[in-house]
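Asker: Starting off with a structure, shown below.
Laboratory data are not the source of any read-out in this text; all were calculated from the coordinates shown. The model shown is predicted, which means the values in this text are computed figures rather than measured ones. All Cβ positions, even for glycine, are placed from backbone atoms using ideal geometry, and neighbour counts span all protein chains on display.
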Amino acid sequence: MSEIPDRPVNQPDSAPKAGKFTAETLQKAEAELAQYIGAIAKVIVKRAAAKARFESELYILIADEIKDPDERRGFIRKAISASERR
């Protein structure tokens, strides 16, 4: 028996590729996260950017590093609000 592919073979994968975020977006995310966790934010943002498909997903992933639940929620709200204005 052959396996059935998740998508047609000749249809391109619609997932965004590496480099999907601008340097400005990544620098902004890093600066905002650094207010909560310090210099390690650069590494966290870089790793999250490799996984995230959208800017809102990037912010949700990096928000996981903020230990205080209230600060985490505020960070996510602020990030989503900012991304909606663009």
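Asker: List pairs: first residue in region 35-59 and touching a residue at least 24 places away in the same chain (Cβ under 8 Å) and on the phi < 0 side of the Ramachandran plot, second residue assigned to a helix (DSSP H, G or I) and among the polar types (S, T, N, Q) anywhere in the structure, Cβ distance under 6 angstrom, at least six positions apart or on different chains.
Answerer: That search, which allows pairs on different chains as well, returns GLU55/SER83; SER56/SER83.
Asker: So in region 29-54, with the set limited to residues that are among the β-branched types (Val, Ile, Thr) and closer than 16 Å to PHE75 by Cα, which one is surrounded by the most Cβ atoms within 10 Å (Cβ to Cβ)?
Answerer: VAL45
Asker: Would you check which residues across region 57-70 are exposed (fewer than 14 other Cβ atoms within 10 Å of the Cβ) and assigned to a helix (DSSP H, G or I) and list them?
Answerer: Selection gives GLU57, PRO69, ASP70.
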